[in-house]
Amino acid sequence: MEAVVAWFGVVAGGVVFFLSLRVASNANAGRRLPYWRSPEVASGAAIGMRVAGVFLVALSAGLLAPTIGYWSVAVVALALLPGLVTIPLHNKRLAAGS
């Protein structure tokens, strides 16, 4: 049962992280999103959602570690990947529109 809850937490955290970057992308329409710092228009909701998403994924993957071992690192990477892909897509769409 604990593993099912942990998998749900990983998925939910990944979705929250993705939505946080969508909020940041929408708030910064017409501006590039940086990779390693906060965007020019830093929405409090986006920052809070980003922190909550990463925390939930990390906590849930930690709960999965006894079951799946080192593969929990891959679970973290895969859960956060859709959100991280949002940044280059936003910047590419911005460059194509200019």
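Values computed for the structure shown
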quantity: Heavy-atom SASA rank of Ile47, Ile68 (probe 1.4 Å, accessible area, largest first); calculated: Ile47, Ile68
quantity: Inter-label distance for Glu40 and Val4, nm, one decimal - labels placed 7 Å from Cα along Cα-to-Cβ; calculated: 4.9
quantity: Per principal axis, descending, Cα span of the chain in whole Å; calculated: 49, 24, 19
quantity: Sequence-separation-based contact order of the chain, relative, with Cα cut under 8 Å and 6+ spacing, percent; calculated: 42
quantity: Modelled FRET efficiency - R0 25 Å, Arg32 with Leu59, Cβ distances, 0.05 increments; calculated: 0.20
quantity: Rounded to 10°, Cα long-axis angle of helix 71-97 versus longest principal axis of the chain; calculated: 10
quantity: Given the chain, longest segment not containing exposed loop chymotrypsin sites (Phe, Trp or Tyr not before Pro) (DSSP; at most 11 other Cβ within 10 Å); calculated: 1-34
quantity: Selected from Ser60, Ser20, Ser38 as most flexible by GNM, with the chain as the system and alpha-carbon contacts under 10 Å; calculated: Ser38
quantity: Inter-label distance, nm, simple model (7 Å from Cα along the C-beta direction), Leu78/Ala95; calculated: 2.9
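The values are calculated or read from the model by the stated rules, or taken from the named source; none is laboratory data. A quick note: this is a predicted structure, and the numbers were derived from the prediction, not measured. In this analysis, Cβ positions are derived from the backbone assuming ideal geometry, glycine residues included, and neighbour counts consider all displayed protein chains. The accessibility values were calculated without ligands, DNA or RNA, using every heavy atom of the protein model including side chains. Shrake-Rupley method; radii C 1.70, N 1.55, O 1.52, S 1.80 Å.
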